[in-house]
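Everything on this sheet refers to the single structure shown next.
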Amino acid sequence: MKINMAYELPNLNYEYEALEPHLDALTMEIHHSKHHAGYTANLNAAIEGTEMSDKTIEELLMEHKDNPAIRNNGGGYWNHCLYWDTLSPEPTNPSNELLSTINDKFGSMDNLKDELKSAALKRFGSGWAWLCVSSGSLSVCSTPNQDNPLMTGEGIPILGVDVWEHAYYKKFGPARGDYVDSWWNVINWAKVSDNFKEANF
Ligand code: MN
């Protein structure tokens, strides 16, 4: 619970170069220290001195999504927190509960990967593709810009891939699909499993 305090850019749990060669250090540094820092500063500027400064970030996304400054910067703040948290240089595995739900819903982990990649590739312009907990199960969806499924009620995101060009263009150029394939190599499945457990109450 955050009361009347500014949002802070979270520290990463790994170095910028730790995800090489899958995600490159320069992209990670710019993405975190410029883009995420920018959303954080603009979010703080938007809520400072208003009643919105008493809200949690989730309340802001759900209750103030019609305010463009909150939608774009609050979304950008939350979305990137999830993105960094669900990456890791260490190989990890999904929990039995998460894996069995993935198998039930999608047929296999490979099918989930195909479906999420397809959602990422179909997103025209900037946005995100998500794995969400919804209706007691899992679903894949995509949102434009810095929108988040919490804003639309589509679900609670437990994993998300940023498909803004700033997330991949330096290393992958226009090959968004290659970036998504590479991103799968550095997923923090332990964290995704925690998110699944927390969301799936
Ligand atoms: Mn981004």
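The values are calculated or read from the model by the stated rules, or taken from the named source; none is laboratory data. From a predicted model like this one, the values you see are computed outputs, not experimental measurements. Positions of Cβ are generated from backbone atoms using ideal geometry, with glycine treated the same way; all protein chains shown enter the neighbour counts.
Which members of the range 35-57 meet the condition of being over 16 Å from CYS81 (Cβ atoms) and either among the polar types (S, T, N, Q) or within 16 Å of the ligand (Cβ to nearest atom) (or both)?
THR50, SER53
For the range 52-62, name all the residues that are crowded, with 17+ Cβ neighbours inside 10 Å and under 19 Å from the mean Cα position of the chain (by Cα).
ILE57, LEU60, LEU61
Only residues in the range 101-124 that are over 16 Å from VAL161 (Cα atoms) and assigned by TED's automatic domain parsing to the domain that holds VAL161 count as the first member; pair them with residues that are at pLDDT 95 or above and among the aromatic types (Phe, Trp, Tyr), Cβ under 9 angstrom, at least 6 apart or cross-chain, and list the lot.
Between residues of the range 101-124 that are over 16 Å from VAL161 (Cα atoms) and assigned by TED's automatic domain parsing to the domain that holds VAL161 and residues that are at pLDDT 95 or above and among the aromatic types (Phe, Trp, Tyr), the close pairs are THR101/PHE196.
Which residue pairs have Cβ atoms closer than 7 Å, lie 6 or more positions apart in sequence or on different chains, and pair a first residue in the range 161-181 that is among the charged types (D, E, K, R) with a second residue that is away from the ligand (no atom under 12 Å from the Cβ)?
LYS170/ASP24; LYS170/LEU26; LYS171/ASP24; ARG176/ALA120; ARG176/LEU121; ASP178/PHE172
Only one of THR92, THR86 is within 19 Å of the chain's Cα centre (by Cα) and within 16 Å of the ligand (Cβ to nearest atom). Can you tell me which?
Every option except THR86 fails the conditions.
Being closer than 24 Å to ASN93 by Cβ and either within 16 Å of the ligand (Cβ to nearest atom) or not polar (S, T, N, Q) (or both) is the filter here; which residues of the range 132-151 pass it?
Those that are closer than 24 Å to ASN93 by Cβ and either within 16 Å of the ligand (Cβ to nearest atom) or not polar (S, T, N, Q) (or both): CYS132, VAL133, GLY136, LEU138, VAL140.
Say we look at the range 73-117 and pick out the residues that are outside any loop (DSSP other than H, G, I, E, B) and in contact with a Ser or Thr (Cβ under 7 Å, 6 or more places away or on another chain); which of these is nearest to LEU159 (Cα to Cα)?
If we take residues in the range 73-117 being outside any loop (DSSP other than H, G, I, E, B) and in contact with a Ser or Thr (Cβ under 7 Å, 6 or more places away or on another chain), then LEU98 is nearest to LEU159 (Cα to Cα).
Please work out which one of (1) touching a residue at least 60 places away in the same chain (Cβ under 8 Å); (2) touching a Leu at 6+ places or on another chain (Cβ under 6 Å) is the condition ASP85 fails and give its number.
Unmet for ASP85, out of (1) touching a residue at least 60 places away in the same chain (Cβ under 8 Å); (2) touching a Leu at 6+ places or on another chain (Cβ under 6 Å): (2).
Search the range 152-167 for residues being part of a helix (DSSP H, G or I) and near the ligand (Cβ under 9 Å from one of its atoms), and hand back the single one that is farthest from LYS113 (Cα to Cα).
Within the range 152-167, the match that is farthest from LYS113 (Cα to Cα) is HIS166.
Among the residues of the range 60-82, write down those that are aromatic (Phe, Trp, Tyr) and either more than 18 Å from ASP194 (Cβ to Cβ) or not assigned by TED's automatic domain parsing to the domain that holds LYS34 (or both).
Once the filter is applied, which keeps residues that are aromatic (Phe, Trp, Tyr) and either more than 18 Å from ASP194 (Cβ to Cβ) or not assigned by TED's automatic domain parsing to the domain that holds LYS34 (or both), the range 60-82 yields only TYR77.
If you check every pair at least six apart or on different chains, which have Cβ atoms under 9 Å apart with a residue in the range 20-33 that is among the acidic types (Asp, Glu) first and a residue that is in a loop (DSSP other than H, G, I, E, B) second?
Within 9 Å, the pairs are GLU20/PRO89.
With respect to THR143, determine if the residue is in contact with a strand residue (DSSP E or B) (Cβ under 8 Å, 6 or more places away or on another chain), crowded, with 18+ Cβ neighbours inside 10 Å and of a type in the set (S, T, N, Q).
Here the answer is yes, as THR143 does meet what is asked.
I'm checking my understanding of the structure. Among residues of the range 63-82 that are in contact (Cβ under 8 Å) with a residue 24 or more places away in the chain and either of a type in the set (Ser, Thr, Tyr) or surrounded by fewer than 16 Cβ atoms within 10 Å (Cβ to Cβ) (or both), which one is farthest from the ligand (Cβ to nearest atom)?
Restricting to residues being in contact (Cβ under 8 Å) with a residue 24 or more places away in the chain and either of a type in the set (Ser, Thr, Tyr) or surrounded by fewer than 16 Cβ atoms within 10 Å (Cβ to Cβ) (or both), the top hit is ALA69.
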